[in-house]
Amino acid sequence: MSGVDEEHNNQIVLTFNPIKMANALTMLKGVVKYCKIKLTNKDFPCLTVQLEVPSTTGRQITHDVPVTVIPTRDWAEFEIPQLPDFKSVISMPTLKSIRNLVEKIKNLASHITFFCNNSGEIAMVVETDEVTVASNYKNLEVQLDDPDDKNLEVSCRVSAKELGIYFSCNQFQDLKMYCCATQDHVLKIVVEVRPFVSLNCILWAVAL
């Protein structure tokens, strides 16, 4: 295989229906000898998922998942953004509790402000003309870039709608979750699904 040019010689960008891919990988819940995923062209571009399950005949199961090939002119939309160096990483309460909280408060205002400090405290605040609603969490685990920098506090106002979309799509339960932020710039929330697999939510700050 050769890429479109020397710079992108080993790159390709695809989109696909995650439900169809999940169905194709359902057999992985059982015992399989191997799983291969390859890009093929069967009258239309697709990712072909090939599995072999233990049997006397070496039974193979094949699923074709249609994909859309993204042209290079649109690749910039899918690049992982360059993030600043975060001074600290703070563990968050349970995923379920935060998801339920965001679901309740996202309809109060268009923005949610995160206040985080290196003492292990997080506050999620929603402000309207009539009311201010704040949820405070203390004694959270903190990983500091500089152990002597314990008095740092940052705040970041993000879109309540975008935050709500992330948590509504994230149906995992009781997984480790943590966040980091820079002052009025960016908020990053990470859910650790399993070793070396995580779901990242990157929200840029919203100015008043």
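Computed quantities for the displayed model
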read-out: Any pair with Cβ under 6 angstrom, 6 or more apart, that starts in segment 178-204 at a residue that is over 15 Å from ILE80 (Cβ atoms) and ends at one that is surrounded by fewer than 15 Cβ atoms within 10 Å (Cβ to Cβ); value: THR182/PRO84; GLU192/LYS176; GLU192/SER198
read-out: Residues of segment 67-90 satisfying the condition of being assigned to a loop (DSSP other than H, G, I, E, B), farther than 30 Å from LYS20 by Cα and of a type outside the set (Lys, Arg); value: GLN82, LEU83, PRO84, ASP85, PHE86
read-out: Qualifying residue in segment 79-99 (condition: at pLDDT 90 or above, out of contact with any Asp or Glu (no Cβ under 7 Å at 6 or more places or on another chain) and among the small types (Gly, Ala, Ser)); value: no
read-out: Unique match (being over 24 Å from ASP174 (Cα atoms), in contact (Cβ under 8 Å) with a residue 24 or more places away in the chain, surrounded by fewer than 17 Cβ atoms within 10 Å (Cβ to Cβ) and over 24 Å from the mean Cα position of the chain (by Cα)) among ASP129, ASP146; value: ASP146
read-out: Among residues of segment 91-126, those that are open to solvent by less than 20 Å² (accessible area, probe 1.4 Å) and either in a helix (DSSP H, G or I) or among the acidic types (Asp, Glu) (or both), counted; value: 4
read-out: Any pair with Cβ under 6 angstrom, 6 or more apart, that starts in segment 28-47 at a residue that is closer than 14 Å to ILE12 by Cα and ends at one that is open to solvent by 90 Å² or more (accessible area, probe 1.4 Å); value: LEU47/ILE37
read-out: Single residue of segment 134-143 satisfying the filter (free of Cβ contacts under 8 Å to residues at least 40 places away in the same chain and closer than 19 Å to PHE167 by Cα) that is most open to solvent (accessible area, probe 1.4 Å); value: ASN136
read-out: VAL158 being touching a Leu at 6+ places or on another chain (Cβ under 8 Å) and open to solvent by 40 Å² or more (accessible area, probe 1.4 Å); value: no
read-out: Qualifying positions in segment 166-185 - surrounded by 14 or more Cβ atoms within 10 Å (Cβ to Cβ) and in a helix (DSSP H, G or I); value: TYR166, PHE167
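The values are calculated or read from the model by the stated rules, or taken from the named source; none is laboratory data. In this text, all values refer to a predicted model and were calculated from it rather than measured experimentally. Neighbour counts are summed over all protein chains in view; Cβ atoms, including those assigned to glycine, are modelled from backbone coordinates with ideal geometry. The area values use the complete protein model at the heavy-atom level, side chains included, leaving out ligands, DNA and RNA. Shrake-Rupley method; radii C 1.70, N 1.55, O 1.52, S 1.80 Å.
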